[in-house]
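Asker: One structure follows; several queries about it will come next.
The values are calculated or read from the model by the stated rules, or taken from the named source; none is laboratory data. Since the structure is predicted, the reported quantities are computational estimates derived from the model, not experimental observations. Here the Cβ positions follow ideal geometry from the backbone for every residue, glycine too, while neighbour counts run over all protein chains shown.
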Amino acid sequence: MSSTEKFQDLPLEEVMGDRFGRYSKYIIQDRALPDARDGLKPVQRRILYAMFSEGNTHDKPFRKSANSRECNW
Amino acid sequence: MTNKQSPSVYNDDAIQVLEGLEAVRKRPGMYIGSTDGRGLHHLVYEIVDNAVDEALAGFGSHIIVKIHKDQSISVRDFGRGMPTGMHKMGKPTPEIIFTVLHAGGKFGQGGYKTSGGLHGVGSSVVNALSTFLEVTIHRDGKKYCQRFENGGHPVTTLEEIGSTKQTGTLVHFLPDDKIFSVTKFNYDTLAERLRESAFLLKGLKIELIDEREEGKGDVFFYENGIEAFVAYLNEEKDVLHPVKYVEGIQDDIEVEFAFQYNDGYSETILSFVNNVRTRDGGTHETGAKAALTRVFNEYARKIGLLKEKDKNLEGTDIREGLAAIVSVRIPEHLLQFEGQTKGKLGTSEARSAVDSVVSEQILYVLEENAELSASLVRKAIRAQQVREAARKAREDARNGKKNKKASTILSGKLTPAQSRNAAKNELYLVEGDSAGGSAKQGRDRTFQAILPLRGKVINTEKAKLQDIMKNEEISTIIHAIGAGVGTDFSVEDSAYDKVVIMTDADTDGAHIQVLLLTFFYRYMRPLIEAGKVFIALPPLYKISKGTGKKEVIEYAWTENDLQKAIKKVGKGYILQRYKGLGEMNADQLWDTTMNPETRTLIRVTIEDGARAERRVTTLMGDKVEPRRKWIEANVNFGMEDDSNILDNEFIQQEEDQA
């Protein structure tokens, strides 16, 4: 190919820093740690909320988890 | 140059001589490398290096560097202060220093014995590229001051402004925003470099103060010099022994050498000449390496770990896991560099001087620490065995039966390109089978190969070597690239010109990129050095309107792009935020991310070996504490969106032949 292609040059440590910063922020903030207020991790809170808004409470008969549709983020 | 005459008028008048500093402003690249962030910071180094040279000569052991609120910089040393008399050229000497190129005290007249400065252009270049520069000199009980503006035009002469008990020079300057594309100084970049200078001169105290932020500052002061430097390089690794340090003088060349082994597999050797980093090594580094190899082999034979018939250990075996620093001081009349930038030492005397000092003294060190030495030799022998085994495996794979076996390992996952042109082929490492599927459909099959990766890749920084080699994902990558691994890797054998990491634009995708980069850095470093490792950037948004033939589609990579695209598409647009590659159709993927004509690729480079090394060990190593510190210092927790990698201030646009 004779066409010229533009590349964005970035030093390894910057790429690693940026990417790792993003990942670690997400893991710490939105995945791995339970919130002190309710003791739930985000994913658990999402499930409970989805079940609640579908009316799937403790006094109802069981319902397959796959039917809880609202649990997308 | 500035002549706007038509090319036909090329007569005597067309030849222009740039006078003095004008030349610097016209072609700054020749003096400071570039006019981006790197060049900007280079100005500071020029002035700081002068201060360091003063300290090196034995005058003043304290330097203060300040970043002011207006992005100007001041550097204060406590040396002798510049000479303040009238120079024989009829102007005050400081004015000569700051306005005349190739005016300096380091051409061997006796002011300095050894120095990093060589050409006598540093101060004048900084002056030429500054909006203003003010020099204040404390000397002989008096205080003098002179100010230059707009590229080095003196607006005052050298004025006596009072008396003082101090000595030394203060240079305060503001880089010209007409010259530099970036004018904001990066604290960490400066800190890193100043720390380096402090390491190299025992007992030198360098203070960095950032006035843009309350209370931000550092003091760099190391009594042990390069010993502390080596310890710093290994700070986040598990080391095998305390730092060993040797020094000596031969043929007027002062040699310092410090080393320490860690339990890793990579080698880090940094070399310095007169406190200036020689990025590309040179004779002093060669000398140190040669000496190390010879002494280790001699010692290994002497204590019988290498038998008579055994092959000698190679340099790379011995240097596995080594962190070392070579620092030499060479007087001006012997000093020689290869090329314009002081990147590589050419002085041939340095090789023999370093060689003899290092070999003589390292032998003592080895003899004195018999137990340690024996374990280091055994480590090197293990490295040799691993290397031999890898070579054998590769040869076997190349010829004969095993070849078939290798290709069957591959066939399941790798979708090869049709042509076998190693100068053009591209290998896409794609996150997940589903995205791999659409990449397969969307690619240009003549030169693009696809290798889908399932889930997260193993962390090659933490895992044991055997586990890494057993890992299916890693071994497929190694086989696909086909150029070996580790010390055995050779870029020439690579079956691909570009290895492109293509992951979802989400957080887990970011993690996979980090893991893969760690692998490439640790085991295929030459591939990164050759600029063959890339990161693909899939678009974050799709903005569309209408359906069928009237459909208008725009893609956006950043928030700015998004606003522009929305304006372009107009009212009634539909916005889709891509969460993964899987949401894209094959043709969309081709248009946005894989087509060489339209895609955006980030090319991963290694500019500063020490910084790259440190960052990788901090982020991926098995020590938790430094990582925690890094995250606390660098991650902004909160609800706001993350910044885009394309906004990074270090990014460099470069044209390249594809």
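Asker: Tell me whether the stretch A:7-25 contains one or more residues that are over 24 Å from B:VAL635 (Cα atoms), surrounded by 14 or more Cβ atoms within 10 Å (Cβ to Cβ) and within 12 Å of chain B (Cβ to nearest Cβ).
Answerer: Taking the stretch A:7-25 as the starting set, the residues that turn out to be over 24 Å from B:VAL635 (Cα atoms) are A:7.
In the following step, the residues that additionally are surrounded by 14 or more Cβ atoms within 10 Å (Cβ to Cβ) were identified as A:7.
Now restrict to residues that are within 12 Å of chain B (Cβ to nearest Cβ): A:7.
Checked the stretch A:7-25: at least one residue is over 24 Å from B:VAL635 (Cα atoms), surrounded by 14 or more Cβ atoms within 10 Å (Cβ to Cβ) and within 12 Å of chain B (Cβ to nearest Cβ).
Asker: Of everything in the stretch A:26-42 that's away from every other protein chain (no Cβ under 14 Å) and aliphatic (A, V, I, L, M), which residue is nearest to the chain's Cα centre (by Cα)? Spell out how you get there, then give the answer.
Answerer: First, pick out the residues of the stretch A:26-42 that are away from every other protein chain (no Cβ under 14 Å): A:34, A:36-41.
Subset that is aliphatic (A, V, I, L, M): A:36, A:40.
Details: A:ALA36: 18, A:LEU40: 14 Å.
Per the stated criteria, the residue is A:LEU40.
Asker: Just for strands (runs of 3 or more DSSP E) wholly inside the stretch B:228-282: which have at least 3 residues that are in contact with a Lys or Arg (Cβ under 8 Å, 6 or more places away or on another chain) and buried (at least 20 other Cβ atoms within 10 Å of the Cβ)? Before the answer, list the steps.
Answerer: Values: elements: B:244-250, B:253-261, B:268-273.
Qualifying strands (runs of 3 or more DSSP E): B:253-261, B:268-273.
Asker: Cβ-Cβ under 8 Å, sequence separation 6+ or interchain: first residue in the stretch B:343-357 and under 7 Å from B:THR283 (Cα atoms), partner modelled with pLDDT under 85 and of a type in the set (A, V, I, L, M, F, W, C). Which pairs?
Answerer: So the pair list comes out as B:LEU345/B:PHE337; B:GLY346/B:PHE337; B:THR347/B:LEU334; B:THR347/B:LEU335; B:ALA350/B:LEU334.
Asker: May I pose another question? Where residues in the stretch B:460-511 are of a type outside the set (Asp, Glu), buried (at least 17 other Cβ atoms within 10 Å of the Cβ) and under 16 Å from B:MET620 (Cβ atoms), which of them is farthest from the other protein chains (Cβ to nearest Cβ)?
Answerer: B:ASN471
Asker: Hey, can you tell me all the residues within the stretch B:440-452 that are part of a strand (DSSP E or B) and touching a residue at least 60 places away in the same chain (Cβ under 8 Å)?
Answerer: Step one: of the stretch B:440-452, the residues part of a strand (DSSP E or B) are B:448-452.
Within the stretch B:440-452, just B:GLN448 meets the criteria.
Asker: Let me ask something else. Looking at the stretch B:528-572, which of its residues are assigned to a loop (DSSP other than H, G, I, E, B) and more than 30 Å from B:ILE512 (Cβ to Cβ)? Talk me through it step by step, then tell me what you get.
Answerer: Looking only at the stretch B:528-572, we keep the residues that are assigned to a loop (DSSP other than H, G, I, E, B), and these are B:530-532, B:537-540, B:546-547, B:551, B:557-558, B:570-572.
Within the stretch B:528-572, B:GLY546, B:THR547, B:GLU551, B:GLY570, B:LYS571, B:GLY572 meet the criteria.
Asker: Look at B:ASP647 and say whether it is surrounded by 15 or more Cβ atoms within 10 Å (Cβ to Cβ), under 30 Å from B:HIS41 (Cα atoms), within 11 Å of chain A (Cβ to nearest Cβ) and not aliphatic (A, V, I, L, M). First the steps, then the outcome.
Answerer: On the way: surrounded by 15 or more Cβ atoms within 10 Å (Cβ to Cβ): no; under 30 Å from B:HIS41 (Cα atoms): yes; within 11 Å of chain A (Cβ to nearest Cβ): yes; not aliphatic (A, V, I, L, M): yes.
Against the criterion (surrounded by 15 or more Cβ atoms within 10 Å (Cβ to Cβ), under 30 Å from B:HIS41 (Cα atoms), within 11 Å of chain A (Cβ to nearest Cβ) and not aliphatic (A, V, I, L, M)), B:ASP647 does not qualify.
Asker: Another question, then. Of the residues that sit in the stretch B:554-584 and are among the β-branched types (Val, Ile, Thr) and over 30 Å from B:VAL604 (Cα atoms), which one is nearest to the other protein chains (Cβ to nearest Cβ)?
Answerer: Within the stretch B:554-584, the subset among the β-branched types (Val, Ile, Thr) is B:558, B:566, B:569, B:574.
Retained after the next criterion (residues that are over 30 Å from B:VAL604 (Cα atoms)): B:566, B:569, B:574.
Numbers: B:ILE566: 24, B:VAL569: 25, B:ILE574: 19 Å.
So the residue we want is B:ILE574.
Asker: I'd like the full set of residues that are touching a helix residue (DSSP H, G or I) at 6+ places or on another chain (Cβ under 7 Å), in contact (Cβ under 8 Å) with a residue 60 or more places away in the chain and either over 30 Å from B:ARG443 (Cα atoms) or not in a strand (DSSP E or B) (or both), limited to the stretch B:586-612.
Answerer: B:ALA586, B:ASP587, B:LEU589, B:TRP590, B:MET594, B:ARG599, B:ILE606, B:ALA610, B:ARG611, B:ALA612
Asker: I've got another one for you. Would you pick out the residues in the stretch B:280-324 that are among the β-branched types (Val, Ile, Thr) and closer than 30 Å to B:GLU613 by Cα? Give the steps one after another, and end with the answer.
Answerer: Let us first name the residues in the stretch B:280-324 that are among the β-branched types (Val, Ile, Thr), namely B:283, B:286, B:293, B:295, B:303, B:316, B:318.
Within the stretch B:280-324, B:THR283, B:THR286, B:THR293, B:VAL295, B:THR316, B:ILE318 qualify.
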